[in-house]
Amino acid sequence: MIAARAPDRRLLDDGRATRAMRWIMAIMLFLTVLAAALGLATWAATRALDSDLAGRLTVQIVEGDAAVRDRSVAAIIAALRPRPEVRAAAEVDRARLAQLLEPWLGEAGLDADLPMPAMIDVDLTTPAAAAAIERLVRGIAPQARIDAHAQWLAPVRGFIATLALLAGGLVVLVASATTLVVLLAARSGLDTHRDTIEVLHMLGSTDVQVARLFQRRIAIDTLLGGAVGTLLAVAFLIFIGSQIDRLGAEIVGGVTLRPADWAILAMMPLGFTLMATIAARMTVLGALGRRL
Amino acid sequence: MIAARAPDRRLLDDGRATRAMRWIMAIMLFLTVLAAALGLATWAATRALDSDLAGRLTVQIVEGDAAVRDRSVAAIIAALRPRPEVRAAAEVDRARLAQLLEPWLGEAGLDADLPMPAMIDVDLTTPAAAAAIERLVRGIAPQARIDAHAQWLAPVRGFIATLALLAGGLVVLVASATTLVVLLAARSGLDTHRDTIEVLHMLGSTDVQVARLFQRRIAIDTLLGGAVGTLLAVAFLIFIGSQIDRLGAEIVGGVTLRPADWAILAMMPLGFTLMATIAARMTVLGALGRRL
Amino acid sequence: MANIVQFENVGLRYGTGPETLSDLSFTLRAGAFYFMTGTSGAGKTSLLKLLYLAQRPSRGVIRLFGEDAVTLPRSRLPGFRRRIGVVFQDFRLVPHLSAFDNIALPLRVAGMPEDEIDEPVREMLAWVGLKDRTNARPPTLSGGEQQRIAIARAVITRPEILVADEPTGNVDPDMAERLLHLFDSLNRLGTTVVVATHDLHLLSRIPDAQMMRIEGGRLLDPTGSLRNPHGAEAAA
Amino acid sequence: MANIVQFENVGLRYGTGPETLSDLSFTLRAGAFYFMTGTSGAGKTSLLKLLYLAQRPSRGVIRLFGEDAVTLPRSRLPGFRRRIGVVFQDFRLVPHLSAFDNIALPLRVAGMPEDEIDEPVREMLAWVGLKDRTNARPPTLSGGEQQRIAIARAVITRPEILVADEPTGNVDPDMAERLLHLFDSLNRLGTTVVVATHDLHLLSRIPDAQMMRIEGGRLLDPTGSLRNPHGAEAAA
Ligand SMILES: Nc1ncnc2c1ncn2[C@@H]1O[C@H](COP(=O)(O)OP(=O)(O)OP(=O)(O)O)[C@@H](O)[C@H]1O
Ligand SMILES: Nc1ncnc2c1ncn2[C@@H]1O[C@H](COP(=O)(O)OP(=O)(O)OP(=O)(O)O)[C@@H](O)[C@H]1O
Ligand SMILES: [Mg+2]
Ligand SMILES: [Mg+2]
């Protein structure tokens, strides 16, 4: 077949327009990979938050008498630990609690008369068991307040979910734009090589021969451009990642990419190459089909 | 001059490659305008937050005895109101305070023994006056705690600032990508019209005549493509805006575009057109300068 | 001798304009040599386009290699085209391929193994006097050199029909004669040759050649020998 | 009569190859008619390229309109080019412009007002016999029609020098003669004409014309009349 041999590689010119398209592909894949990384990371963050929250409770004992309070805490923990639906139950360290509350109540509030509540973190194996646990705790200490974390962090979760949605929208937008650019590149590449295609056609090449030649060129362009763009994007992401680690930004810190995410990003130039190839093939076959 | 007359409009062909470039410009400006909108909105949000926070204090009176507490509050408000650096000072409505604290302390906490603190919102004309006000308040009620809002909301502010930074980075990335695409389009357009340019050159056109012809074509392409992209982006932003209003998402709701922002967005296709025009001119003059 | 091409009442109209070709009825004998003449714009290239399947007629019947070429399915056209060699009036060389690769193109399209390509292409380059321009790309060749590459590309596959549209317009008379000799050799090996030309001096070089004259889109056939070649032959 | 073109020891080398043109020394008289012949690849087009400023020589001196054309600053080249009409061997028409607009191009480049363009262009179209193809674009024209548009474009400005590279390769002998007559009329109006051609029959049509013969990149000048035109004239 004509497309399989070395001398045929030269058949379609490596013109300047082709090179421009290659760079545009690089730019578009750079943007797409970044958008996808943002989408994947925020989605992962939302999921992590969900799995964190769903199975966690906090039991709060508000009790002026420190001794009564500590006894209630010990009783509750003892009752919870043996149960199969409880993965872990432990009192929140008093110092840490003070630290947590500090911005809300101020240093003054802590060593003053304010009764410092005790808190028990409960980690469940199944979120559904929450109600049963609540009943159990109330049986031991009626004054206890039970908070599912999901309820606590609902506004934060809502905000992060909104972000994830926006990131997802961005991915869709940039990927659509890239798809369009790839399709346009395939069409405009056909235009660049119109004369050569015409000659091949008149010399008795079959439509499939011409299409194959052409789709290979587009595939190479997209793959080269896309690979460059993706590599730059990955390098950029790694740099950004290191900056975030360095800053230790807490909320953004939870936003990380798992190996599966990296694999998806690496697949993107291949996916777009496949799409460009199919688009080129259909464009050529369509254009040739219209002539004799 | 050759470029100024109607028949010359036809000199550069409205080929398919040209049309592809026009669409690619549309796509890139769509993305750029969206990125810029995101950048402007988050930046505005950060600034709004800053100006909101910088000039505000909350005075908190934690006092078991309700009568003492109320007297302190009245005294402080009376002392603050006449001062020139205080724009407003008012006690926070008790019911609203309860509502605000509810998720943190629970319903149980409110009607229990917990001493309900009183709060006074103070709005300053100059943030620098905060220290003087603090001294004044402490003179009246030594047990008062004074919070500058900036301190309270520091983590939220940090998060939003990070977002604004990311959005800014996105704007820079997308704008650079668009710049590159515009430059590439100018170069590849030159390639499409190489033969025509060669003929004009040999017929005695001056370099400036050829460049003018060519840069006008690129300007038209960029302006048309860019205008379409910008219009689509603006329509998309208005749609998104209406969705956000409908959902009433609180945090995102603060993120709005001012008229000046809209003006900046509307200027973007013009800016890119100017850039494309200059790039095209320099490309043509450079290419022609290399030949006889 | 068999009829390799048969036109019956063929007409050609570009778009919605007037008929460029009208009422063409003629027969080409396999293995014969034809010259086609006519003023500029008479319709020579248009007729040749019908012959090498670059254009469908707007009416009439064309039979090629004994088959109806008008209703031929698209999938069979490449096979037909490979049996026809064409020298285009505007050469149509691939500008970024070397002279060698341009000439080798039809062989590669036909799927000939790479090691069998080198020899015939080099031989062909020598024939048209361009051995020392083997690696030159068309834009760096002179007009006549380009034309010779175009001729070499058309004849390299030893096609059953050779269609040459003004093949000597850019070469000197000596070279023209040499190229005509190439066509003649090919013709002797069995190829039917159709050469459209303005150079009336070429005509005398092939005494056996048959004349076709186009005027205003119509074929002049005063002796009727184009319409009925075998009758004419018998009469001669 | 003044000398309009003067070559002294001119050589041309493409890239790092051998010299395509060597030791060219000749003078063209203003208002004269020259035919240039030579085998394909001899260097005719290359010499003409030097003449119409599409190429700088690699050595030697070229004087055009009495000025040194080799060291001419770029900014003055357009002015020189507008005084030279060129029929390119490959036509170089702008494919998406109509026949009319192609012919009008040099007038527009020179900044002629639009209302003065219509008449001469239509007259020119009539001269080359293409009045009814005014709005056709080059790809829909026959080879000879394209060539005539190229000629019309070259002569429309009544240039001081007309350079025509194989201008009749695609037209029939009658049209060739007609076109030659056009060149002759222009010549009588004062234009210096240089026509490179393979068609030896054209030569006899202009009895006053001077012959230039290129062989292997060198100019044959057996009588010395090209080197010293006024001396030869005096002798004649
Ligand atoms: N741009 C170029 N680069 C390299 N070699 C060239 C270039 N242009 C022409 N040549 C070579 O220079 C020689 C002379 O070419 P030129 O076009 O001047 O010939 P010519 O006399 O016009 O021939 P023809 O009658 O075939 O048009 C040829 O061998 C050609 O291959
Ligand atoms: N694609 C086309 N669309 C419209 N008209 C066309 C097209 N091709 C050719 N013509 C017209 O048809 C007529 C015949 O053209 P054709 O090319 O067949 O002439 P020709 O005999 O080959 O002339 P020449 O000797 O000048 O090459 C011409 O008037 C030409 O303008
Ligand atoms: Mg023709
Ligand atoms: Mg030449």
Rounding to the nearest 20 debye, state how big the charge dipole of the stretch D:84-156 is about its Cα centre with +1 on each Lys and Arg Cβ and -1 on each Asp and Glu Cβ.
-> 320
Starting with the highest mean, order D:44-56, B:20-32 by the number of other Cβ atoms within 10 Å, averaged over the residues of each peptide.
-> B:20-32, D:44-56
Taking N as the residue count of the stretch D:166-226, its alpha carbon Rg divided by 2.2 N^0.38 Å gives 1.20
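Report relative contact order for chain D in percent, whole number only (criteria: Cα-Cα under 8 Å, sequence separation at least 6).
That works out to 29 percent.
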By Cβ position, which chain C residue lies least far from the axis that rotates chain C onto chain D, and what is the distance to the nearest whole angstrom?
-> C:Gly169, 2
Dipole-positive endmost among C:Trp127, C:Val195, C:Phe80 within the stretch C:60-201 (Cβ charges, Cα centre) = C:Phe80
Leaving out same-chain residues fewer than 8 places away, which lysines sit with a Cα under 29 Å from that of D:Lys49?
-> C:Lys131
For the stretch C:187-231 and the stretch A:55-82, what is the separation of their C-alpha centers, rounded to whole Å?
-> 112
When the charge dipole of the protein assembly as shown is computed with +1 at the Cβ of Lys and Arg and -1 at the Cβ of Asp and Glu, the Cα pointing farthest to the positive end, of B:Gln60, A:Ala36, D:Ser40, is that of D:Ser40
Farthest towards the positive end of the dipole of chain C, among C:Leu141, C:Val94, C:Met211 and with Cβ unit charges of +1 on Lys and Arg and -1 on Asp and Glu, lies the Cα of C:Val94
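Applying 1/(1 + (r/R0)^6) with R0 = 30 Å to the Cβ-Cβ distance of C:Met211 and A:Asp195, what FRET efficiency is obtained, to the nearest 0.05? Write down the numbers at each step before the final one.
Details: r = 34 Å, r/R0 = 1.12.
So the FRET efficiency works out to roughly 0.35.
What average count of beta carbons from other chains do you get within 10 Å of the Cβ of residues in B:185-192? The partial results should precede the final answer.
Details: counts 2, 1, 5, 11, 2, 3, 7, 6.
Neighbouring Cβ atoms belonging to other protein chains average 5 per residue here.
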Quote the charge dipole size of the stretch D:10-132 about the Cα centre in Debye, to the nearest 20; the model charges only the Cβ of Lys and Arg (+1) and of Asp and Glu (-1).
-> 660
Net charge near A:Gly286: determine it from the other residues with C-beta under 12 Å of the C-beta of A:Gly286, scoring Lys and Arg +1 and Asp and Glu -1.
-> +3
For the stretch D:91-204, what does the alpha-carbon gyration tensor say about shape, rounded, prolate or oblate, given a ≥ b ≥ c as the root eigenvalues, a/c under 1.5 as rounded, and a/b over b/c as prolate?
-> oblate
Applied in sequence order to the stretch B:161-178, the curve 6.51 cos²θ - 1.76 cosθ + 1.60 (Karplus, θ = phi - 60°) yields integer Hz couplings, x standing for Gly and Pro, of 5, 4, 4, 4, 4, 4, 4, x, x, 4, 4, 4, 4, 5, 5, 4, 4, 5
Nm distances between copies for B:Arg291, ranked from closest, using label points 7 Å along Cα→Cβ = 2.5
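Can you figure out the FRET efficiency of A:Leu231 with C:Ser25, using R₀ = 45 Å and their beta-carbon distance, to the nearest 0.05?
On the way: r = 66 Å, r/R0 = 1.47.
With a Förster radius of 45 Å, E is 0.10.
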May I ask for the equivalent-ellipsoid semi-axes of chain C, computed as the square root of five times each C-alpha gyration tensor eigenvalue and listed largest first in whole Å?
-> 29, 20, 18
From the Cα gyration tensor of the protein assembly as shown, with a ≥ b ≥ c the square roots of its eigenvalues, which class applies: rounded if a/c is under 1.5, or else prolate if a/b is larger than b/c, or else oblate?
-> prolate
Residues whose modelled amide H sits under 5 Å from the amide H of D:Ser58, counting only those 5 or more places away in sequence or on another chain, are D:Gly11, D:Leu12, D:Arg13
Tally the DSSP beta bridges in chain D and give the antiparallel ones as a percent, rounded to 5.
-> 50
Which of C:Thr197, C:Thr157, C:Thr223 moves most in a GNM of chain C, Cα contacts under 10 Å?
-> C:Thr223
Roughly how crowded by other chains is peptide D:105-117, in terms of the mean Cβ count from those chains within 10 Å of each of its Cβ atoms?
-> 4
Check C:Met212: other-chain or 5+ apart residues with amide H under 5 Å from its amide H, H built from backbone geometry?
-> C:Phe35, C:Met36, C:Thr37
Counting only residues 5 or more places away or on other chains, whose amide H sits under 5 Å from the amide H of D:Leu162 once H atoms are built in the peptide plane?
-> D:Gly85, D:Thr192, D:Val193, D:Val194
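Laboratory data are not the source of any read-out in this text; all were calculated from the coordinates shown. This is a predicted model, so every value here is computed, not measured. Ideal geometry is used to build each Cβ from the backbone, glycine not excepted, and the neighbour counts take in all protein chains shown.
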